[in-house]
1. Identify, by number, the condition in (1) surrounded by 15 or more Cβ atoms within 10 Å (Cβ to Cβ); (2) at pLDDT 90 or above that residue 180 doesn't meet.
2. Could you list, in sequence order, all residues of segment 169-190 that are touching a Leu at 6+ places or on another chain (Cβ under 6 Å) and farther than 13 Å from residue 129 by Cβ?
3. Please go through segment 103-125 and pick out each residue that is modelled with pLDDT under 85 and either out of contact with any Ser or Thr (no Cβ under 7 Å at 6 or more places or on another chain) or among the aliphatic types (A, V, I, L, M) (or both).
4. So which residues in segment 131-162 are within 12 Å of the chain's Cα centre (by Cα) and among the small types (Gly, Ala, Ser)?
5. For segment 130-142, does any single residue satisfy the condition of being touching a Lys or Arg at 6+ places or on another chain (Cβ under 7 Å) and either surrounded by 23 or more Cβ atoms within 10 Å (Cβ to Cβ) or polar (S, T, N, Q) (or both)?
6. Take segment 14-29 and flag every residue that is at pLDDT below 90 and in a loop (DSSP other than H, G, I, E, B).
7. Looking at residue 97 and the list (1) modelled with pLDDT of 90 or more; (2) surrounded by 16 or more Cβ atoms within 10 Å (Cβ to Cβ); (3) out of contact with any Leu (no Cβ under 7 Å at 6 or more places or on another chain); (4) under 21 Å from residue 198 (Cα atoms), which single condition is not satisfied?
8. Search segment 52-77 for residues being modelled with pLDDT under 80 and touching an Asp or Glu at 6+ places or on another chain (Cβ under 8 Å), and hand back the single one that is farthest from residue 107 (Cα to Cα).
Amino acid sequence: MLKKSLFLSFSVLLLMSCYPLGTFQGPEVLPVGTETMGMGVSWMTNITTLQDSSSGNEEAFIADGSILFRRGYAHNTEIGIKFVGRPWASGAILSDVKWQVIQKPVMVAVDFGVSYWTNIDILASVGYHPALIVGNGKLFGVLQYNNVRSSARILRTQDLLLGHHFPMKENDYILSPIFGLHRDESDPGNIFYSLGFGFTGPVDDWWRP
């Protein structure tokens, strides 16, 4: 039971830490030199209930927050960094590069991210996270693959995210709700779903040096 519970918790923390890489990001890219900051909150649980003879049904549930910073780096290229949860305890530091490869008739971008994070058994883990993002600037979808490993284990997962950008008319901020499905390669029948909300907006002048 303990082994299963630890693995389940590790899986959810990994999914939660990797999930924000594609969260709140459409296929659009920022103009060169333009910067945005944002924050988000996400909830995740498993659709398939795990059965355990000693404790009955077990369901995993976790909520976490993130802070991000993104910058238009070059033509059709954007870079970003994101902090999820508490990176020094049970969260992650993530960085990614996004290239917009097609603009019409729909926007298509490829994203490659790397992560460093800690988990419940204090084993530092690193990972890589390629993704494909398709949409029209408001409605978008993300396909993401995650490969994260520590000295004790390797976990590979796939994500499908669907999101929408809602500009807030009274200011320049954007609300981006997202729904996600997540599958662990080692346990394909155990599917996780997630719901998240993010706010992003331009960096004010006083943030710049």
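The values are calculated or read from the model by the stated rules, or taken from the named source; none is laboratory data. Please read all numbers here as calculations on a predicted model, not as lab measurements. Virtual Cβ from ideal backbone geometry, glycine too; neighbours counted across all protein chains shown.
1. Here residue 180 meets the rest and fails (2).
2. Taking segment 169-190 first, the residues touching a Leu at 6+ places or on another chain (Cβ under 6 Å) are 178-182.
Selection gives 178, 179, 180, 181.
3. 116, 120, 121, 122, 123, 124
4. 131
5. Keep residues of segment 130-142 that are touching a Lys or Arg at 6+ places or on another chain (Cβ under 7 Å), which gives none.
No, that holds for no residue.
6. So in segment 14-29, the residues at pLDDT below 90 come out as 14-26.
Result: 22, 23, 24, 25, 26.
7. Result: residue 97 fails condition (2) only.
8. Step one: list which residues in segment 52-77 are modelled with pLDDT under 80, which gives 52-65.
Remaining after also requiring touching an Asp or Glu at 6+ places or on another chain (Cβ under 8 Å): 52, 58.
Details: 52: 45, 58: 41 Å.
Here the answer is 52.
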